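**Q** The structure follows.
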Amino acid sequence: MWYLCRQIFQTTPDDPRIVEMDPVQKLWMYEHWLADQNEQAELAKNHAYLLASFDHGEAVKQIMGGGNTHQSTDEEFEESSQLVKRMNAKLMETQKEQAPAKKRKRRSVRG
């Protein structure tokens with residue numbers, strides 16, 4: 001519960017918002033948080049399989065059960081595409097913030 005309170009509310013479990021919260025709502029929040037954590041773990045596992053498959057394709061096949069095909073739904077593909085777009089946008093923002101501003105040089109006019 002401590003981690004959940006820190007992550008969602010940026011507070012401690014003894015905060016009045018948490019103490020006075022309905023137990024059913026606490027359970028609902030915990031279940032959804034846990035599902036999010038499981039999704040992130042599954043995504044990380046699949047990402048590791050993808051990266052490992054470039055060097056150790058046979059080992060990954062054995063781990064995954066031998067099949068060399070992956071079927072995904074349109075929703076999964078769209079979710080992956082959106083994730084890549086968000087990560088690229090964050091990367092671009094970070095690069096813009098870290099890059100020094102270029103100064104324009106003025107030409108001197110002699111006359």
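**Q** How do the pairs read when you match residues in segment 7-19 that are at pLDDT below 75 with residues anywhere that are among the polar types (S, T, N, Q) and part of a loop (DSSP other than H, G, I, E, B), using Cβ under 9 Å and keeping only pairs 6 or more apart or on different chains?
**A** Matching pairs, first to second residue: none at all.
**Q** Just the residues that are part of a helix (DSSP H, G or I) and surrounded by 12 or more Cβ atoms within 10 Å (Cβ to Cβ), please, taken from segment 12-31.
**A** Those that are part of a helix (DSSP H, G or I) and surrounded by 12 or more Cβ atoms within 10 Å (Cβ to Cβ): 18, 26, 29, 30.
**Q** Report whether or not residue 49 is out of contact with any strand residue (DSSP E or B) (no Cβ under 8 Å at 6 or more places or on another chain), assigned to a helix (DSSP H, G or I), modelled with pLDDT of 85 or more and of a type in the set (Phe, Trp, Tyr).
**A** Yes.
The values are calculated or read from the model by the stated rules, or taken from the named source; none is laboratory data. Worth saying up front: this structure is predicted, and the values here are computed from it rather than measured. Glycine also receives a Cβ, built like all others from the backbone with ideal geometry; neighbour counts cover every protein chain displayed.
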